[in-house]
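Some notes on the structure that comes next.
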Amino acid sequence: MFLTTLLMTAQLSFSPPSSTQDPDVPGSKLSKVGIILPLGEPGSFDDGMVESPVVWFDENTGRYGMVYTAYQRIDTTIRGYKAVARPQVGIAWSDDLINWEKDPRSPIYGPSDEPGSPDSHGTPGPYIWFENGTYYLYYFGTTDQGYERGIKTLNLATSTDLVNWTRHPNNPIIRPEGKSWRSEAIWHPHIVKVDQTYYLFFNASGVIDGYHEEFIGYATSKDLVHWTVDDTNSPLVVGSRTPGQWDSSGRAGDPSLYQVGNRWYMAWYSWDKVNSQDGLAWTTVDEFPLNWRIYEKNPVLKLGAPNEFDGLHAGKPFIVRTKERHFHFYTAVDTMETRQIAVAVWPPLQK
């Protein structure tokens, strides 16, 4: 089924949606495949949780690569947030986006272990951008032990081989500032390039009208290193805060963008303070990066049954599109709080 150049590379290329999809909202119909990247073996660097997949077509290997957040399990008597620590970056490879092999060189990147540094305790939320022979790894650093603990800032490292990394000397490249939408923490990044400008979409924790949550905004750059956050027009996407709705918490997190025709689409997650699910928003090419509309039939990726692999959470999306199919990668969490990486597709796979 090879291969189209995907969202992550310097030249963007997208395919038209399948005729079996909603022609107005590609990605609105999904068929779950299941877990495609499970937990590691006991004692491994990723035996606690695996989550937050980011996928690209790697020009150097001719395969699809995936970076993901991996947590070690520090308490074998329980599952969930309190059982894990030391988030690092794992990598896996695939020829078909369904069957994945973990790279034995993993973890390829991890905490600095230097007191006072912005990533002393963890490097979750990885995002890879490849251009001119260089891999740019964006991630949010953590400064305390546990699941996403301490101060959260956006950081950058570079490599030519995905193994040997150089931290940017001016990390963090984006930090919490002000008293509004990004005053508390910086979370998951996603980059697209339009003409000669890079757009970095990310969710941040802050306050809007006295309400504390995560909201999606953006920054721009000409060199992938120096970023200017648009605090005037951000946040771009927020949850509804409507009681009883899938996004009643008001959260909007983990943006993943793709273009089809004259529209840009953004997959994102929210929760109702119990369960997480994924929805869509869209804007036009002419209005990009502003004026996002919320898809009225959200969520597009729905929670599984209580006994299924995503019975607690089905969220944190990452979208890949090929000529044949739309792939919606996500973090699947069961009711025992086991976090693994799953995918849903459209059209459905043939059995």
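Derivation of every value follows stated rules applied to the coordinates shown; laboratory data play no part. What you see is a predicted model; the values in this text were computed from it and never measured. Don't worry about glycine lacking a Cβ; one is built from the backbone with ideal geometry, like all the others, and counts go over all protein chains shown.
For Ala204, the criteria (1) buried (at least 21 other Cβ atoms within 10 Å of the Cβ); (2) among the hydrophobic types (A, V, I, L, M, F, W, C); (3) more than 25 Å from Pro53 (Cα to Cα) hold in every case but one, which is (3). Only a single criterion out of (1) assigned to a strand (DSSP E or B); (2) of a type in the set (A, V, I, L, M, F, W, C); (3) farther than 23 Å from Trp187 by Cβ is not satisfied by Ala314, namely (3). Scoring Asp272 on the criteria (1) surrounded by 15 or more Cβ atoms within 10 Å (Cβ to Cβ); (2) touching a strand residue (DSSP E or B) at 6+ places or on another chain (Cβ under 8 Å); (3) more than 16 Å from Lys32 (Cα to Cα); (4) not polar (S, T, N, Q) leaves a single failure, condition (2).
Against the condition more than 30 Å from Arg293 (Cα to Cα), in a loop (DSSP other than H, G, I, E, B) and charged (D, E, K, R), how does Asp24 come out, does it pass? Spelling it out, it is not the case that Asp24 is more than 30 Å from Arg293 (Cα to Cα), in a loop (DSSP other than H, G, I, E, B) and charged (D, E, K, R). Filtering the stretch 144-193 to residues that are hydroxyl-bearing (Ser, Thr, Tyr), touching a Pro at 6+ places or on another chain (Cβ under 7 Å) and assigned to a loop (DSSP other than H, G, I, E, B) leaves only Ser183. For the subset of the stretch 323-344 comprising residues that are under 16 Å from Tyr265 (Cβ atoms) and not charged (D, E, K, R), which member is surrounded by the most Cβ atoms within 10 Å (Cβ to Cβ)? The residue in question is Tyr330. Within the stretch 212-229, is even one residue in a strand (DSSP E or B), crowded, with 21+ Cβ neighbours inside 10 Å and in contact with a His (Cβ under 8 Å, 6 or more places away or on another chain)? Within the stretch 212-229, none of the residues are in a strand (DSSP E or B), crowded, with 21+ Cβ neighbours inside 10 Å and in contact with a His (Cβ under 8 Å, 6 or more places away or on another chain).
Do you know which of the residues in the stretch 99-118 that are over 21 Å from Asp47 (Cα atoms) and in contact (Cβ under 8 Å) with a residue 24 or more places away in the chain is nearest to the chain's Cα centre (by Cα)? Among residues in the stretch 99-118 that are over 21 Å from Asp47 (Cα atoms) and in contact (Cβ under 8 Å) with a residue 24 or more places away in the chain, the one nearest to the chain's Cα centre (by Cα) is Pro118. Assess whether Asn233 counts as being assigned to a loop (DSSP other than H, G, I, E, B), of a type in the set (S, T, N, Q) and in contact with a strand residue (DSSP E or B) (Cβ under 6 Å, 6 or more places away or on another chain). No.
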